[in-house]
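Undergrad: Below you'll find the structure I mean.
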Amino acid sequence: MGRPENKIPHPDMAVGRLAQSLRTARANAALTYDQLARRAGYSRATLQRAASGERVPPPEVVRAYAIGCNVNPGLVMGLWHQAQKEKVRRTSGAHSSDAPRLNMARDEADLGAVLAGLHERAGAPSLRVMQRRTELAPGIQRLSRSTLHRIIRRRLIPQTRERMEAYLVACDLAPHKRPAWMEAWKRVRATAENERDRRRRYEQARAREVDALLAGPHSDEAARRLIRKAGFAPTEKFPGPRQPWGARCVTCGKWGRFRLAQIILGEAGCVVCRAAHLGSPEPPAAAQHLPVLVRGATSAFDCLPRAGSP
């Protein structure tokens, strides 16, 4: 039977239990690795690695190993699924228990979690296997391994119905279960699109109000008054609310170029003073011209002077 095999490095982990099961099957069949290699159709080295317990072997190797030992492959494939899930949790830090129930997914973060959980519950198939499934399924869009990896790691949400369907196929989800997943995807997509529209309308309204505030025959004077209130002394002629404007911070003397619209909205300021104010209870100079906001104003515009106001 050859020299004894090395000890399994992690016998208490799922990959260790899988390796022990494969070794036991070979011992019961009284086969050497050379004999098993002829039966299984894989090299001796590949089969030894599969039973080493050092890493999770490919599923096709595990299946061939079991069949070569006259063992029902379903018995060892259950252990393989456990080992693969354990590997995914260890490498990604994600758990299927982190994900909400499918019908409770309300935003893209929830959907990303349930899609990652679906991959884990499917036995965490490799990217190569998942890509191959999308290539072989008729009428299904092919997904690249990079796209699949980003979905599994919760870095990408399928943006089209075709991609969502392809991901479900890649996870080998039964056809009768797919409609519920597509409905969840549709619901989350609609919510995300509504939120993006709302944010876009708000940004457009905010930009129009800033432009209106600085427009007119006294726009240059108004701009200089506002940037001084924000803590900057302009060193150039006012170029417009969205163009870089040369100014010097009155607190630290740092010179730079700033967009007035961003300063008004509290989205920009002196990086030196901003760093100095971290951990300080006092607000930075760029925010000192917004005193009304802390008294109940609903937006930064409530804090700005209006035409005709003193």
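The values are calculated or read from the model by the stated rules, or taken from the named source; none is laboratory data. Computed from a predicted model, the values in this text were never measured in an experiment. Methodologically, a virtual Cβ is constructed for each residue, glycine included, from the backbone with ideal geometry; neighbour enumeration extends over all protein chains shown. Please note that ligands, DNA and RNA were not included when accessible areas were found on the heavy atoms of the full protein model with its side chains. Shrake-Rupley method; radii C 1.70, N 1.55, O 1.52, S 1.80 Å.
Undergrad: Note the full-extension length gain between A190 and T235 as 0.36 nm times their separation in residues minus their Cα-Cα distance, in nm to one decimal.
TA: 11.4 nm
Undergrad: For F232, enumerate residues with amide H under 5 Å from its amide H, sequence gap 5+ or separate chain, H modeled in the peptide plane.
TA: Correct list: V250.
Undergrad: Mind checking the full-extension length gain between N6 and A180? Use 0.36 nm per residue of separation minus the Cα-Cα distance, one decimal, nm.
TA: This chain segment gains 57.9 nm when fully extended.
Undergrad: Looking at the range 141-233, which trypsin sites (Lys or Arg not before Pro) are DSSP coil and have at most 16 other C-beta atoms within 10 Å of their C-beta?
TA: Answer in residue order: R142, R153, R155.
Undergrad: Okay, next question. Using 0.36 nm times the number of residues separating R106 and R206, minus their current alpha carbon distance, what extension gain do you get?
TA: 33.2 nm
Undergrad: Moving to a separate point now. Considering the Cα trace of the range 21-127, what is its radius of gyration and what is Dmax, both in angstroms?
TA: Cα-based Rg and Dmax for the range 21-127 come out at 17.2, 55 Å.
Undergrad: From the C-alpha coordinates alone, can you work out the Kirkwood hydrodynamic radius of the range 10-72, in Å?
TA: Hydrodynamic radius (Kirkwood, Cα pairs) of the range 10-72 is 11.3 Å.
Undergrad: Then there's this: Over the range 32-87, what percent of the accessible surface lies on carbon and sulfur atoms, probe 1.4 Å?
TA: Result for the range 32-87: 49 percent of the exposed heavy-atom area is carbon or sulfur.
Undergrad: Which value, in Å² rounded to 10, gives the accessible area of S43 with a 1.4 Å probe and all protein chains present?
TA: Roll a 1.4 Å probe over it and S43 shows about 60 Å².
Undergrad: Could you work out how far apart the two model spin labels at R90 and Q48 are, taking each label as a point 7 Å from the Cα in the direction of the beta carbon, and quote it in nm?
TA: Each label point lies 7 Å from its Cα, and together they span 2.2 nm.
Undergrad: Something else about it: Report, as a whole number in µm² per second, the diffusion coefficient that Stokes-Einstein gives for the range 68-208 at 20 °C and 1.002 mPa s using the Kirkwood radius over alpha carbon pairs.
TA: 130
Undergrad: For the range 68-83, in order, what is each residue's ³J(HN,Hα) by Karplus, 6.51 cos²θ - 1.76 cosθ + 1.60 with θ = phi - 60°, in whole Hz (x at glycine and Pro)?
TA: x, 9, 6, 10, 4, x, x, 5, 7, 5, x, 5, 4, 4, 4, 5
Undergrad: Between the range 135-197 and the range 18-46, how far is it from one alpha carbon centroid to the other, in angstrom?
TA: With the range 135-197 and the range 18-46 each reduced to a Cα centre, they are spaced 39 Å.
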